[in-house]
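A quick write-up on the structure given underneath.
The values are calculated or read from the model by the stated rules, or taken from the named source; none is laboratory data. Keep in mind that what you see is a predicted model, and the values were worked out from it rather than measured. Neighbour counts run over all protein chains shown; Cβ positions are idealised from the backbone, glycine included. SASA here: full protein model, heavy atoms, side chains in, ligands and nucleic acids out. Shrake-Rupley method; radii C 1.70, N 1.55, O 1.52, S 1.80 Å.
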Amino acid sequence: MLYLLDDLLIGRGTERHCYRHPQDETRCIKVVHNYKNNKQQNQKDYEYFTRLQKRGIDWSHLPRCYGWVETDQGKGLVFDLLQDKQGVPLPRLDVLLKNDQLDRAAITAPLKELHDYLLTNQIFTSDLRASNIVCNLEATPPHFFLIDGIGDRDFIRLASVIRPLARAKTNRQWKRFMRRLEKQ
């Protein structure tokens, strides 16, 4: 069993907390903290990331998922911890924009690259927003990673097997994201 102490806490979401893995600084663990509004996000993520792995996708904009571990706070799901060379978790896009640490003009090319990546790899998002994107500022131009809100939540998953539907769905999700981003 792994013990997730407060000093390992990296982030807090609506349903899950994210902790630095106590035995591997290159990974993090997401555990459920809100059981009242539990939407089974860890289970959904595990299933979707397993499908992505079987498809052999390019992982250049996503953390890899390594499966389940037992923690003192219940079952946790292990992912790559995206961090800079000093071991600091990469900053979120929404925070960088809010604090004027990243110019809007500087994100045009990285956003296009992320959009193209989603289209090419047929990766769907369930909650595409700036708070679910982290930025590697050590790269030129900055490199974006999706760390949350990933998955196909459709009951009937036609888009995952029909390429034109996948493209249309990804573009629809992207347009919604860009409208939200413009308001920030």
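Applying a threshold of 6 Å to beta carbon distances and a minimum spacing of six or more residues, or different chains, the list of pairs starting in segment 156-168 at a residue that is under 15 Å from ASN121 (Cβ atoms) and ending at one that is modelled with pLDDT of 70 or more and of a type in the set (Lys, Arg) reads ALA159/LYS169.
Considering segment 143-156, the residues that are over 19 Å from ASN42 (Cα atoms) and surrounded by fewer than 19 Cβ atoms within 10 Å (Cβ to Cβ) include one that is modelled with the highest pLDDT, namely HIS143. The residue of segment 88-111 that is most open to solvent (accessible area, probe 1.4 Å), among those that are more than 11 Å from the chain's Cα centre (by Cα) and among the charged types (D, E, K, R), is LYS98. Of all residues in segment 52-67, those that are free of Cβ contacts under 8 Å to residues at least 40 places away in the same chain have Cβ atoms under 6 Å from Cβ atoms of residues that are open to solvent by less than 20 Å² (accessible area, probe 1.4 Å), 6 or more apart or on another chain, in CYS65/PHE49; CYS65/PHE79; TYR66/VAL78. The number of residues in segment 130-149 being in contact with a Leu (Cβ under 8 Å, 6 or more places away or on another chain) and not hydrophobic (A, V, I, L, M, F, W, C) comes to 5. Criterion first (of a type in the set (S, T, N, Q) and touching a residue at least 60 places away in the same chain (Cβ under 8 Å)) does THR140 satisfy it? No; evaluated as a whole, the condition is false for this residue.
Number of residues in segment 112-144 that are assigned to a strand (DSSP E or B) and within 12 Å of the chain's Cα centre (by Cα): the value is 5. Going by what's in this entry, would LYS85 be described as at negative phi, in a helix (DSSP H, G or I) and either out of contact with any helix residue (DSSP H, G or I) (no Cβ under 6 Å at 6 or more places or on another chain) or of a type in the set (A, V, I, L, M) (or both)? No, not satisfied. From the list LEU81, LEU114, LEU128, the lone residue that is open to solvent by less than 40 Å² (accessible area, probe 1.4 Å) and over 17 Å from MET178 (Cβ atoms) is LEU81.
For segment 1-52, the set of residues classified as at pLDDT below 95, under 15 Å from ASP127 (Cβ atoms) and of a type in the set (Lys, Arg) consists of ARG16, LYS39, LYS44, listed by residue number.
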